[in-house]
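The values are calculated or read from the model by the stated rules, or taken from the named source; none is laboratory data. In this text, all values refer to a predicted model and were calculated from it rather than measured experimentally. Glycine gets a Cβ as well: all are built from the backbone with ideal geometry, and neighbour counts include every protein chain shown. Protein only, heavy atoms only, side chains kept; ligands, DNA and RNA dropped before computing areas. Shrake-Rupley method; radii C 1.70, N 1.55, O 1.52, S 1.80 Å.
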Amino acid sequence: MTRVALITGAASGIGRACAAKFAQQNIKVVIVDFQADQGQQVAQELQGFFVQADLTQPEDCRQAIDKTVEQYGQLDILVNNAGFQHIDTVADFPEETWHKMIALMLNAPFLLTKYAWYYLIKSGQGRIVNIGSVHSLTASPFKVGYVTAKHGLVGLTKVVALEGGEHGLTCNLVCPSYVRTPLVEKQILDQSRTLGIAPEEVEEKVFGGKTVIKDKRLFEPEDVANYVAFLCSPEAWGITGAMQVMDMAWTAH
């Protein structure tokens, strides 16, 4: 039976890689993103369906689910990936940015899960994967909004797993360290200019400073997508409520 996966923030980065991996497995993909042109292009490339949505708005969260079911008649997989970062001190962190981050990165996963619940249960093999971060488990300065939202996903994931288990629904949180996304690439260049060192040194000494793998490189979006695909497979039927850490032992310190 063909399955249907909805992936948020799927116009680029981890979300796009997840959508591409699902498409390779003959899973129909729904690309949800605020970026219309790029999102539509990805949907066309993967023979999927695009939904433009501002997920900071509850009504857009509901419409993303409704339009998916209208298009395909079912929903089996939900990947909550959309997000962004803002770097600032607690004292100077803009309140408007705080509210937007929490709305997109914590409220939206809850609302999408709520609105998708009936269809995921009906599936009999529903899968929810929340894309967290190493910052779901630890903290860094100047990332108060990001760290707070990613920590919140831990609690959401656990409760959904507890409530969904009897229906065959699993819910997990993937927690990678730095992934080579457009957002991280920009941070590397910013750090390179600020510190006066080459981008390669930023990757090794700054971004890879807490990891222990000898090869101090970043994860690629496809690395995360492979893990997500496994968690959504029948073989992962008993894995739920877990923080799936991909951090090269960052949090083992």
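Structural remarks
- A search for C-beta distances below 8 Å between a residue of the stretch 112-135 that is under 24 Å from Val147 (Cα atoms) and any residue that is open to solvent by 40 Å² or more (accessible area, probe 1.4 Å) and not hydroxyl-bearing (Ser, Thr, Tyr), counting only pairs 6+ apart in sequence or on different chains, returns Ile131/Gly83; Gly132/Met243; Val134/Val245; His135/His151.
- Boolean, Ala43 is within 27 Å of Gln125 (Cα to Cα), small (Gly, Ala, Ser) and assigned by the TED database to the domain that holds Leu173: yes
- Residue ID - nearest to Gln52 (Cα to Cα), chosen from residues in the stretch 76-128 that are open to solvent by 30 Å² or more (accessible area, probe 1.4 Å) and of a type in the set (Asp, Glu): Glu96
- Applying the set (1) more than 18 Å from Ile128 (Cα to Cα); (2) charged (D, E, K, R); (3) touching a Pro at 6+ places or on another chain (Cβ under 8 Å) to Arg16 leaves exactly one unmet item: (1).
- Residue within the stretch 137-155 that is of a type in the set (Phe, Trp, Tyr) and either without any contact (Cβ under 8 Å) to a residue 24 or more places away in the chain or not assigned by the TED database to the domain that holds Asn80 (or both) present: no
- In the stretch 75-116, residue nearest to Thr157 (Cα to Cα) [restricted to those that are aromatic (Phe, Trp, Tyr) and touching a Leu at 6+ places or on another chain (Cβ under 8 Å)]: Phe110
- Given (1) touching a residue at least 60 places away in the same chain (Cβ under 8 Å); (2) part of a loop (DSSP other than H, G, I, E, B); (3) over 22 Å from Leu173 (Cα atoms), index of the condition His86 fails: (3)
- Of all the numbered requirements in (1) closer than 29 Å to Gly126 by Cα; (2) modelled with pLDDT under 85; (3) not charged (D, E, K, R), Leu231 misses one, and that requirement is (2).
- Being assigned by the TED database to the domain that holds Ala23, surrounded by fewer than 19 Cβ atoms within 10 Å (Cβ to Cβ), of a type in the set (Asp, Glu) and under 23 Å from Ala19 (Cβ atoms) is a condition met by no residue of the stretch 160-170.
- Scan of the stretch 193-215 for residues that are under 17 Å from Val134 (Cβ atoms), assigned to a loop (DSSP other than H, G, I, E, B) and aliphatic (A, V, I, L, M), ordered by number: Val212, Ile213
- Taken over the stretch 14-31, the criterion of being among the small types (Gly, Ala, Ser) and crowded, with 23+ Cβ neighbours inside 10 Å is satisfied by Gly15, Ala17, Ala19.
- Subset of the stretch 194-248 that is of a type in the set (Asp, Glu) and in contact with a Leu (Cβ under 9 Å, 6 or more places away or on another chain) - its residue that is surrounded by the fewest Cβ atoms within 10 Å (Cβ to Cβ): Glu201
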